[in-house]
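To keep things clear, I will list the structure first and then write my remarks on it.
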Amino acid sequence: MARRSVLVTGGTGGLGGAVTAAFREAGWRVVVPVRDSPTGAGPAAGDPVRVIADLTDPAGAARAVEAAASDPAASLRAVVNLVGGFASGGLVHETPIDEFERMFTANLRPTHLVTRAALPHLVSAGGGAVVCVSARAALTPFPGAAGYATAKAAVLAFANAVAVEYRRSGVRCNTVLPSVIDTPTNRAAQPDADHSRWVAPAEIAAVIRFLASDESAPTSGAAVPVYGQA
């Protein structure tokens with residue numbers, strides 16, 4: 001019987017599947033927000049609990065958090081913010097402001113709304129952990145992706161702010177910064193790249209699970225590179 005719950009946003013994506021599996025193997029109750037109703041057979045015993053929610057909407061984020069905190073036998077003790085998006089295009093002067101701001105809507109807004117809704121639950125449970133996903137581009141941008149790099153830098157700054165503000169309440173917040181994750185989507189987008197140098201989702205998932213666990217209790221405000229050999 002799981003005694004603690006984790007909310008994993010973006011839990012159905014290429015990285016999300018590995019993260020939810022890692023937490024399930026460690027005995028957590030896993031809650032995953034989805035935009036649409038699942039099709040096919042119902043979930044098997046031990047599968048993640050799915051809740052329909054638009055995480056760019058405050059009400060949707062709150063609904064996802066309430067589902068994660070709804071089991072009195074498995075209090076909400078961790079939030080993993082994986083949901084995000086990537087887009088590249090022209091240089092800064094060639095990028096319309098709407099496209100630039102779209103990266104903040106995809107990456108920063110859900111992270112902020114979900115974390116904001118979850119913090120009171122984590123505090124009332126006696127503490128917990130938030131793990132956010134930034135990117136190496138937040139530290140070392142590359143041409144044509146200023147919106148993405150800036151939004152991911154904002155995620156990193158937000159996570160550091162949470163770490164400072166909730167330290168005395170027992171809530172830790174750390175960030176992982178992947179390079180290129182070895183997912184089918186990225187392989188399709190870069191078929192000629194050396195995929196052996198990319199970081200595997202399971203490797204990142206192990207780091208995320210560690211940052212959410214009691215074993216990393218002294219650690220908060222960390223920006224952890226998970227680059228593989230890329």
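Quick notes on this structure:
- Pairing residues of the stretch 88-112 that are farther than 26 Å from Thr9 by Cα with residues that are open to solvent by 100 Å² or more (accessible area, probe 1.4 Å) and modelled with pLDDT of 95 or more, at Cβ distances under 7 Å and at least 6 apart in sequence or on separate chains, gives Leu91/Pro143.
- Identity of the residue in the stretch 1-26, part of a loop (DSSP other than H, G, I, E, B) and open to solvent by less than 40 Å² (accessible area, probe 1.4 Å), that ends up modelled with the lowest pLDDT: Ala2
- Residue in the stretch 185-194 that is under 28 Å from Gly128 (Cα atoms) and open to solvent by less than 80 Å² (accessible area, probe 1.4 Å) present: no
- From Ala202, Ala161, residue being small (Gly, Ala, Ser) and open to solvent by 50 Å² or more (accessible area, probe 1.4 Å): Ala202
- Qualifying helices (runs of 4 or more DSSP H) (wholly inside the stretch 141-217; at least 3 residues being touching a strand residue (DSSP E or B) at 6+ places or on another chain (Cβ under 8 Å)): 146-165, 201-212
- The numbered conditions (1) open to solvent by 10 Å² or more (accessible area, probe 1.4 Å); (2) in a helix (DSSP H, G or I) are all true for Val114 except (1).
- Restricting the stretch 82-101 to residues that are farther than 15 Å from Gly144 by Cβ and open to solvent by 70 Å² or more (accessible area, probe 1.4 Å), the residue that is farthest from the chain's Cα centre (by Cα) is Ile97.
- First in the stretch 219-230 and over 15 Å from Val155 (Cβ atoms), second anywhere and in a loop (DSSP other than H, G, I, E, B), Cβ under 6 Å, 6 or more apart: Tyr227/Ser179; Gly228/Trp198; Ala230/Ser179; Ala230/Val180; Ala230/Trp198
- Among the residues listed as Ala129, Ala78, the single one being in contact with a Phe, Trp or Tyr (Cβ under 8 Å, 6 or more places away or on another chain), surrounded by 22 or more Cβ atoms within 10 Å (Cβ to Cβ) and touching a residue at least 40 places away in the same chain (Cβ under 8 Å): Ala78
- The residue list Ala153, Ala135 contains one member that is surrounded by fewer than 21 Cβ atoms within 10 Å (Cβ to Cβ) and more than 12 Å from Asn81 (Cβ to Cβ), which is Ala153.
- Taken over the stretch 54-77, residues that are outside any helix (DSSP H, G or I), out of contact with any Lys or Arg (no Cβ under 7 Å at 6 or more places or on another chain) and within 12 Å of Thr9 (Cβ to Cβ) amount to 1.
- Filtered residues of the stretch 84-109 (kept if closer than 17 Å to Ala157 by Cα and aromatic (Phe, Trp, Tyr)): Phe104
- When Arg50, Arg35 are screened for being at pLDDT 95 or above, closer than 16 Å to Gly13 by Cβ, open to solvent by 30 Å² or more (accessible area, probe 1.4 Å) and of a type outside the set (Ser, Thr, Tyr), only Arg50 passes.
The values are calculated or read from the model by the stated rules, or taken from the named source; none is laboratory data. The structure displayed is predicted, hence computed values, not measured ones. Positions of Cβ are generated from backbone atoms using ideal geometry, with glycine treated the same way; all protein chains shown enter the neighbour counts. Note: areas computed on protein heavy atoms with side chains; ligands, DNA, RNA excluded. Shrake-Rupley method; radii C 1.70, N 1.55, O 1.52, S 1.80 Å.
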